[in-house]
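**Q** The following block contains the structure, expressed as structure tokens.
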Amino acid sequence: MRVWADVYSAAGSRLGGGPVALKTAGVTRVLDGVGTIRLSAPGTDARARALLVNENHVRIYTQATDDAAVREMG
């Protein structure tokens, strides 16, 4: 399974010149408030550490196999 994130600034501009590869990701949605996300990237990936900061927004995607549809998690 492939998991990756596109990273955007608070103003909505895409950052980093491409997606950030993730090891794992999770999204918790709630009906009456703000949900949470959990991301795990390789610790040796300096680009991921620089981009995945609280001020930025992410869109998380998964793909189960190479020929499967790409799905947005959140």
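Just so it is clear, none of the values below were taken in a lab; they were calculated from the coordinates. Please read these numbers as outputs of a predicted model, since none were measured by experiment. All Cβ positions, glycine included, derive from the backbone under ideal geometry; neighbour counts span all protein chains shown.
**Q** List, in order, the whole-Hz ³J(HN,Hα) value for each residue of segment 35-48 obtained from phi through the Karplus relation with A = 6.51, B = -1.76, C = 1.60 and θ = phi - 60°; use x for Gly and Pro.
**A** x, 10, 10, 10, 10, 9, 10, x, x, 8, 8, 4, 5, 5
**Q** A follow-up question, please. Name the long-range amide H neighbours of L15: under 5 Å, sequence gap of 5 or more, or other chain; modelled H, no Pro or chain starts.
**A** V7, Y8, S9
**Q** Continuing with this model, one more query. For segment 61-74, in order, what is each residue's ³J(HN,Hα) by Karplus, 6.51 cos²θ - 1.76 cosθ + 1.60 with θ = phi - 60°, in whole Hz (x at glycine and Pro)?
**A** Going residue by residue, I get 10, 10, 8, 5, 9, 4, 9, 7, 5, 7, 10, 8, 7, x Hz, with x marking Gly and Pro.
**Q** With θ taken as phi - 60° and the coefficients 6.51, -1.76 and 1.60, list the Karplus ³J(HN,Hα) couplings across segment 17-22 in order, rounded to whole Hz; mark glycine and proline as x.
**A** x, x, x, 9, 6, 10
**Q** Report the label-to-label distance for R71 and T44 in nanometres (one decimal), using points 7 Å from each Cα along the Cα→Cβ vector.
**A** Label at R71, label at T44, 3.1 nm between them.
**Q** Let me ask you something else. So what are the chain's ellipsoid semi-axes, whole angstrom, largest first, if each one is the square root of 5 times an eigenvalue of the alpha-carbon gyration tensor?
**A** Sorted largest first and rounded, they come to 18, 18, 12 Å.
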